[in-house]
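Below you'll find the structure, written out as structure tokens, and then a few comments.
Nothing in this text is a laboratory measurement; each read-out follows from the coordinates by a stated rule. It should be emphasised that the depicted structure is a prediction, and the values quoted were computed from it without experimental measurement. Counting neighbours? That spans all protein chains shown, and the Cβs are built from the backbone with ideal geometry, glycine included.
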Amino acid sequence: MAKLLVHESAGVREFELVDPEVHVGRELDNTLRLPDPSISRHHCVLRRTEAGFQIQDLQSSNGVLVNGDRHQAWDLADGDRITLGQVQLTFQNPRSQEDPQAARPALEPSGTVRMSAEALAALHAASRPIPAVQPTRPVRMVPPPSPEPPQGSSLARFFRRLFGVGR
């Protein structure tokens, strides 16, 4: 499986290239988001081709460098060093070193699977047993307190005097 190694100050992060197109940039709508100010909002795109992968600059401010040379588009090979602004990446594709005539596996990932919440719930429901329902005890309802003030309150005395109630 082809992947990008993103070299960051905290270490190296791996990003597997499973989609036919991987958009790279600073904005949230990119497949691979690199929150670095030297990266353009939509910096570049990696596309799967019959030969492997190609990287293409999307008119970024700092360009795309592959192995130190600036390119508008470049067919990537295993081990290529990519520089996007101040961010260093390494492209790894063990397949590119294999014999191109070698048979490919029958089942290859075809990208991201998108499904509705209902389909996901049905998938999960089919894969696990339904838990037994525990009986609940009835809850006793307590009536709210009476809105009338207690007999000794000053408000009750006021109403008794005003209306002559309770004499």
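Could you give the nm distance between label points at Val18 and Ala119, where each point is 7 Å from its Cα heading toward the beta carbon? About 1.5 nm separates the two model spin labels.
Between Arg33 and Arg160, the simple spin-label model (points 7 angstrom out along Cα→Cβ) gives 6.9 nm.
Maximal additional length on extending the Gln59-His7 stretch stands at 16.4 nm, based on 0.36 nm per residue less the C-alpha distance.
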